[in-house]
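Step one of this worksheet: look at the structure below.
What follows draws every value from the coordinates through simple rules; no lab data is involved. Remember, it's a predicted structure, so these values are computed and weren't measured experimentally. Cβ sites come from the backbone with ideal geometry, for glycine too, and all protein chains shown count toward neighbours.
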Amino acid sequence: MAKFLLNDFMIEEHVKNALIEDIGYGDITTDSVCASARGDMDFIVFLTTRNDGVFCGADVFECVFRVLAKDKVNVEFYFNDGDEIKKGDKIAKISGSARYILTGERLALNYTQRMSGIATMTRKYRDIASKYGARVVDTRKNTPNFRIFEKYAVKVGGGYLHRFNLCDCVMLKDNHIALLGGSIKDAVKKVRENISHAHKIEVECDAISQVKEALEAGADIIMLDNMSPAQMRECVKLIDKRAVVEASGGVDLNSLEEIAKTGVDIISTSAIVARANTLDLAFDYIG
């Protein structure tokens, strides 16, 4: 599993800031309702799902209540990250102080609903592309300051990751190349003079002539940008495993299978994150 992406200290720091944003100077509704001794009564709710999908975000969910309430709320999960869940399933039992459960409910749901939605969408793409040996990967079209959770959810759903940030890998796009007069050769040479031996170089190409130039320049990864399946097949044959072949642009559930059939190694798409619906999860009170 992708646990390495979510170190405990990273989760906790994010959750603390989210609680500060959400609670402000106090939960005036819950604090008022729970002003009596009933505020510390034993309260039991179940985290349930109203959709089929892939569950994701258990550690973040639990962290909300650990940071907020320390040992006054207990969370018991019946499913693990990556498990498929069905409408009506009880995913977890949350018990303890009513005050803290009510205050943390929405934030805990916000994390898991978003992450589960991404994992669910990614699983759909993975299941189609994997039949043809292609990997589905994400992009940098992420929610600011939520990237670690979105990328973790992609991994949980069975997808793979593109570069995590701008210092991971060279990505020469059309505007970078335009700054050097349109020469892919010059652009590759320029970046190779500045990067570590551990960095790979990817070049975005939207024409077969650019693919040839990228190959001659020694690119490690060649992105076929918004090409037709016929053009992709021609490029895959031309590259002949001398570079990793990535397809991008116009990827959705309708076009995915035809793209995967072309023989590309990687299919990158923002849809698995940007177009993923939140999974409908809820707290059901049982008294």
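Once the Cβ-Cβ distance between Ser209 and Arg275 is put in as r, and R0 is 30 Å, what FRET efficiency do you end up with, to the nearest 0.05?
On the way: r = 32 Å, r/R0 = 1.07.
Calculated transfer efficiency: 0.40.
For the chain, what is the charge dipole size about the Cα centre, in debye to the nearest 20, if Lys and Arg each add +1 at the Cβ and Asp and Glu each add -1 at the Cβ?
In total the dipole reaches around 420 debye.
Compute the FRET efficiency between Tyr78 and Asp22 as 1/(1 + (r/R0)^6), taking r as their Cβ-Cβ distance and R0 = 25 Å, and round to the nearest 0.05. Can you show the working numbers first?
Values: r = 26 Å, r/R0 = 1.05.
With a Förster radius of 25 Å, E is 0.45.
Based solely on C-alpha atoms, express the radius of gyration and the Dmax of the chain in angstrom.
23.0, 75
Work the Kirkwood hydrodynamic radius out for the range 222-262: mean of 1/r over every pair of different alpha-carbon atoms, inverted, in Å.
Answer for the range 222-262: a Kirkwood hydrodynamic radius of 10.3 Å.
Show me 13-20, 268-275 ranked by packing, highest mean number of other Cβ atoms within 10 Å first.
My ranking of the peptides, most packed first, is 268-275, 13-20.
Once you've got the GNM for the chain with C-alpha springs shorter than 10 Å, pick whichever of Asp83, Asp59, Asp174 has the biggest mean-square fluctuation.
Asp174
Once you place label points 7 Å from the Cα toward the Cβ at Cys167 and Leu253, how far apart are they in nm?
So the two model labels end up 3.9 nm from each other.
Considering Cα pairs under 8 angstrom that are at least six residues apart, work out the relative contact order of the range 106-230 and quote it in whole percent.
With pairs under 8 Å counted, the relative contact order is 19 percent.
Run the simple label-point estimate for His199 and Ala282 please: 7 Å along Cα→C-beta, distance reported in nm.
In this crude spin-label approximation the distance works out to 5.0 nm.
Taking the Cα-to-Cβ direction at Asn7 and at Tyr160 and moving 7 Å from each Cα, how far apart do the two end points lie in nm?
Once both label points are built, they end up 2.5 nm from each other.
Give the lysines reachable from Lys124 as a straight Cα distance under 26 Å; neighbours fewer than 8 places away on the same chain don't count.
The qualifying lysines are Lys3, Lys86, Lys87, Lys90, Lys141, Lys151, Lys155, Lys261.
May I have the convex hull volume per residue, in Å³, for the Cα set of the range 181-244?
Enclosed volume per residue, from the Cα hull, is 79 Å³.
Using a Gaussian network model on the chain with a 10 Å cutoff between Cα atoms, which of Phe77, Phe146, Phe43 fluctuates the most?
Most flexible of the set in this elastic network: Phe146.
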